[in-house]
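The structure under discussion appears below in the form of structure tokens.
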Amino acid sequence: MESLEKRLLNRNIKPTSIRLLIFKTMTEFKKTFSLTDLETELETVNKSTIFRTLSLFHENLLIHNIDDGSGSMKYSICNETCMCTVGELHVHFNCNRCHNTYCLESISIPPIQLPEKFLLESVNFVMKGICENCSKFF
């Protein structure tokens, strides 16, 4: 639990027991996760507490959100040095078969040249197809 506590402190988040429990649960997901996924795993924790904690983690750059087009926002834990700048953003992959969304951190989003006076604040780059696990069935 100590390293989880340190990760929260590094993002200026007070490591309360409930925040540590929620963060520990997040680290156990092997893919991106949704609010519903967390609520299912943490059924004894109040739903509004989970939502507020997600918001706090996002505001303090501990997690990033992904709009994969499914209608449900997904989340993933940022690496320890990530500041969620546009230059650090990476591609996400949504599987059309299992509907899981994966961070592809090794694939950066290419620089985008916008017209003059346009200010880029965020980029959402989601590729869709069949993931490694589902491709075994073809």
Seminar exercise, completed: Taking protein heavy atoms only, a 1.4 Å probe, and rounding to whole percent, the accessible area of segment 1-58 owed to carbon and sulfur comes out at 50
Problem set entry | Most fluctuating residue given options 74, 117, 14, as computed from a GNM of the chain linking Cα atoms under 10 Å | 117
Seminar exercise, completed: Contour minus Cα-Cα span, residue 24 to residue 124, at 0.36 nm per residue, comes to 33.4 nm
Exercise. Gaussian network model of the chain, Cα springs within a sub-10 Å range: biggest mean-square fluctuation belongs to which of 35, 54, 89?
Worked result: 35
Exercise. Over its Cα atoms, what ratio of radius of gyration to 2.2 N^0.38 Å does the chain give?
Worked result: 1.13
Exercise. For the chain, what is the accessible area per residue in Å², given a 1.4 Å probe and the full set of protein chains?
Worked result: 65
Problem set entry | Value of D in µm² per second that Stokes-Einstein yields for segment 57-138, Kirkwood Rh from Cα pairs, at 25 °C (0.890 mPa s) | 174
Problem set entry | Residue range of the chain that is longest and free of GluC sites (Glu not before Pro) which are both DSSP loop and sparsely packed (at most 15 other C-beta within 10 Å) | 44-79
Exercise. Can you give the helix-only mean residue ellipticity at 222 nm for the chain, where every DSSP H stretch with n ≥ 4 adds -39500 (n - 2.57) and the sum goes over all residues, rounded to the nearest 500 deg cm²/dmol?
Worked result: -9000 deg cm²/dmol
Exercise. With no solvent and one point on each alpha carbon, what is the Debye value of log10 I(q)/I(0) for segment 13-58 at q = 0.16, 0.20, 0.24 Å⁻¹?
Worked result: -0.36, -0.58, -0.85
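The values are calculated or read from the model by the stated rules, or taken from the named source; none is laboratory data. Here the structure is a predicted model, which means the values were calculated and not measured. Every residue, glycine as well, gets a Cβ built from its backbone with ideal geometry; the counts of neighbours run over all protein chains shown. The protein model used for the area step is the full one, side chains on, heavy atoms only, and it has no ligands, DNA or RNA in it. Shrake-Rupley method; radii C 1.70, N 1.55, O 1.52, S 1.80 Å.
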